[in-house]
Amino acid sequence: MKLTNLFTKTRKTVPADEVSLNAQLLIKAGYIHKEMAGVYSFMPLGLKVMENIRNIVSQEMNQLGSQEIFMTTLQDKLLWEKTKRWDDEVVDIWFKSELKNGTEVGFGWSHEEQMVDMLKDYVSSYRDLPVVVHQFQNKLRNEIRAKSGILRTREFIMKDLYSICETEEQHKEFYDKVAKAYERIFDAVGIGKDTYFTFASGGAFTDKFSHEFQTITNAGEDTIYVNKKKNIALNEEVFNEDVLDLLKLDKKDFEKHRSAEVGNIFSFGTEKSETLGLNFTDKDGVSRPVVLGSYGIGISRLMGVIVEYFSDENGLVWPKNVAPYKAIICSIGTGPEVTKESEKIYKYLTDKKIEVIYDDRDVRPGEKFADAELLGIPMRIVISEKNIKDGKIEIKDRTKSKAEYLELNQLDFIAEKLN
């Protein structure tokens, strides 16, 4: 990709009503476009970041043995009435509408009911279990508050995983595997050291404890209490003596932090399967309800948390695993030698399957450097007449203040640094 071919442009202003740092930076850098409060379109660079995050998540889901599906956004009112979650007093974030024939429908904010009902056609025996499926899909939630950029939106991309098991023991074993997979995901995107397995209330999902993964950041909407020695946390809503006694934890070992939720995992037990009639015949010929688990990661939300976690006064700072490009090549000057060397390096790296973006614009060096910082690309490669004359190539890590200089013919070493 060359910057002259990219239709989006960096900008100095953002919509007046945009108060969140993550959205301000992403809009300025051309990663997203604000359609209305809580609703954003993802531009080419933003989509590449989301795809990179999705790929990391997808690899872990595949390792868990999950099969990917894609369910509909339109939801059947009658199905959700069976579990009482159609009621706005129970779930207050529905978007609802009517078909032309008068049938009421909802727009999916979650998919447990639909998934359980669907699997009634495929599960009948213990031989069919366990079943693990996941999807990446738009969720629609009628949020009252939408002031946190892409951390809390009315439309977003979510990975939701569902497990159907024979017994609580089988479910617990898989539940723990998902928790470990989530830890690997958050490590891979760079936020692992400040992301904690967190006890929370069930909310609209379950009456029992749910578990969240919360990342410490001042931009977060939650308050958690962290026990760094045990590497766990409690959401403020369940931080009380009864819960501490139940978990055999001491209040004095916890620190209070602001945080943002980046993942959640729920145990539903057999309640939904009993209500919706998802049963199986066990080895003794007895009909029993399956045990259900649900596991979510908001892909776009995670992208926003990464922005809040890593950004600095100059703009975005992407970890290599999620960055849209590994490096940005900045050609300084319009002389033929600068163009020749820039094109040579660009071709060499792209031939090595290393994704780089080439700033070939005819603008001042200061503008190129400022945009490179704003875009947050991990490595900046500078080609200038002076560097060429010295037989050098300038490389600067986005997270470091000083550049380093390598020999112009050390392209293999540059490629190695970018991998």
Given the conditions (1) in contact with a strand residue (DSSP E or B) (Cβ under 8 Å, 6 or more places away or on another chain); (2) under 30 Å from Leu25 (Cβ atoms), and given that Glu60 satisfies all but one, which numbered condition is not satisfied?
-> (1)
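Check whether at least one residue in the stretch 158-176 is among the acidic types (Asp, Glu), touching a residue at least 60 places away in the same chain (Cβ under 8 Å) and either touching an Asp or Glu at 6+ places or on another chain (Cβ under 6 Å) or surrounded by fewer than 21 Cβ atoms within 10 Å (Cβ to Cβ) (or both), and report yes or no. Give the derivation first.
The initial filter retains those residues of the stretch 158-176 that are among the acidic types (Asp, Glu), namely 160, 166, 168-169, 173, 176.
If we keep only those that are touching a residue at least 60 places away in the same chain (Cβ under 8 Å) as well, we get 160, 166, 168.
Filter once more, keeping what is either touching an Asp or Glu at 6+ places or on another chain (Cβ under 6 Å) or surrounded by fewer than 21 Cβ atoms within 10 Å (Cβ to Cβ) (or both): 166, 168.
Yes, the stretch 158-176 has at least one match.
Name the one entry in Lys96, Lys100, Lys147 that is among the basic types (Lys, Arg) and surrounded by fewer than 13 Cβ atoms within 10 Å (Cβ to Cβ).
Numbers: Lys96 fails: surrounded by fewer than 13 Cβ atoms within 10 Å (Cβ to Cβ); Lys147 fails: surrounded by fewer than 13 Cβ atoms within 10 Å (Cβ to Cβ).
Just a single option satisfies the conditions, and that option is Lys100.
For the structure I just gave you, tell me whether Gly65 is on the phi > 0 side of the Ramachandran plot, in a loop (DSSP other than H, G, I, E, B) and either crowded, with 19+ Cβ neighbours inside 10 Å or without any contact (Cβ under 8 Å) to a residue 60 or more places away in the chain (or both).
Considered against the rule, which asks whether it is on the phi > 0 side of the Ramachandran plot, in a loop (DSSP other than H, G, I, E, B) and either crowded, with 19+ Cβ neighbours inside 10 Å or without any contact (Cβ under 8 Å) to a residue 60 or more places away in the chain (or both), Gly65 comes out as no.
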For the stretch 68-92, how many residues meet the condition of being crowded, with 16+ Cβ neighbours inside 10 Å and in a strand (DSSP E or B)?
-> 2
Scan the stretch 232-254 residue by residue and report those that are more than 23 Å from Arg301 (Cα to Cα) and surrounded by fewer than 17 Cβ atoms within 10 Å (Cβ to Cβ).
-> Asn240, Glu241, Asp242, Val243, Asp245, Leu246, Leu247, Lys248, Asp250, Lys251, Lys252, Asp253
Output the number of the condition that Ile383 fails; it satisfies all remaining conditions of (1) of a type in the set (A, V, I, L, M); (2) in a loop (DSSP other than H, G, I, E, B); (3) touching a residue at least 12 places away in the same chain (Cβ under 8 Å).
-> (2)
If you scan the stretch 388-419, which residues turn out to be polar (S, T, N, Q) and free of Cβ contacts under 8 Å to residues at least 40 places away in the same chain?
-> Ser401, Asn409, Gln410
Within the stretch 351-373, how many residues are more than 17 Å from Thr4 (Cα to Cα) and surrounded by 13 or more Cβ atoms within 10 Å (Cβ to Cβ)?
-> 3
Residues of the stretch 128-166 being more than 18 Å from Ile297 (Cα to Cα) and either in contact with a strand residue (DSSP E or B) (Cβ under 6 Å, 6 or more places away or on another chain) or at pLDDT 95 or above (or both), in sequence order, are Asp128, Leu129, Pro130, Val131, Asn142, Ile164, Cys165, Glu166
What are the residues in the stretch 355-380 that are without any contact (Cβ under 8 Å) to a residue 12 or more places away in the chain and under 23 Å from Phe413 (Cα atoms), if any?
-> none
Does Val338 count as of a type in the set (A, V, I, L, M) and not in a strand (DSSP E or B)?
-> yes
Being touching a helix residue (DSSP H, G or I) at 6+ places or on another chain (Cβ under 6 Å), assigned by TED's automatic domain parsing to the domain that holds Phe213 and farther than 19 Å from Val116 by Cα, is that true of even one residue in the stretch 264-282?
-> no
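In the stretch 1-50, which residues are part of a strand (DSSP E or B) and over 27 Å from Thr350 (Cα atoms)?
Listed by number, the residues that qualify are His33, Lys34, Glu35, Met36, Val39, Tyr40, Ser41.
Would you mention how many residues in the stretch 1-44 are of a type in the set (Gly, Ala, Ser), within 23 Å of Val363 (Cβ to Cβ) and at pLDDT below 90? Even if it seems obvious, please write down each step before you answer.
Filtering the stretch 1-44 down to residues of a type in the set (Gly, Ala, Ser) leaves 16, 20, 23, 29-30, 37-38, 41.
When the remaining residues are screened for being within 23 Å of Val363 (Cβ to Cβ), the result is 29-30.
Applying the additional criterion that residues be at pLDDT below 90 yields none.
Residues that pass the stated criteria total 0.
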Across the stretch 282-327, what is the total count of residues that are part of a loop (DSSP other than H, G, I, E, B), more than 30 Å from Cys165 (Cβ to Cβ) and either over 12 Å from the mean Cα position of the chain (by Cα) or charged (D, E, K, R) (or both)?
-> 13
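Answer yes or no as to whether Val286 is outside the structural domain of Ser163 (by TED's automatic domain parsing) and aliphatic (A, V, I, L, M). Before the answer, list the steps.
Values: outside the structural domain of Ser163 (by TED's automatic domain parsing): no; aliphatic (A, V, I, L, M): yes.
No.
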Being farther than 30 Å from Trp86 by Cα, among the acidic types (Asp, Glu) and surrounded by fewer than 21 Cβ atoms within 10 Å (Cβ to Cβ), is that true of even one residue in the stretch 255-270?
-> yes
Output the residues belonging to the stretch 394-419 that are assigned to a strand (DSSP E or B), among the aliphatic types (A, V, I, L, M) and over 19 Å from Leu3 (Cβ atoms).
-> Leu406
Just one of the numbered conditions (1) at pLDDT below 90; (2) part of a strand (DSSP E or B); (3) among the charged types (D, E, K, R) is not true of Asp245; which one?
-> (2)
Going through the stretch 385-409 in order, the residues found to be small (Gly, Ala, Ser) and over 15 Å from Ile329 (Cβ atoms) are Gly391, Ser401
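The values are calculated or read from the model by the stated rules, or taken from the named source; none is laboratory data. Because the structure is predicted, anything quoted here is derived from the model rather than measured. Reconstructed Cβ throughout: ideal geometry from the backbone, glycine too, with neighbour counts over all protein chains shown.
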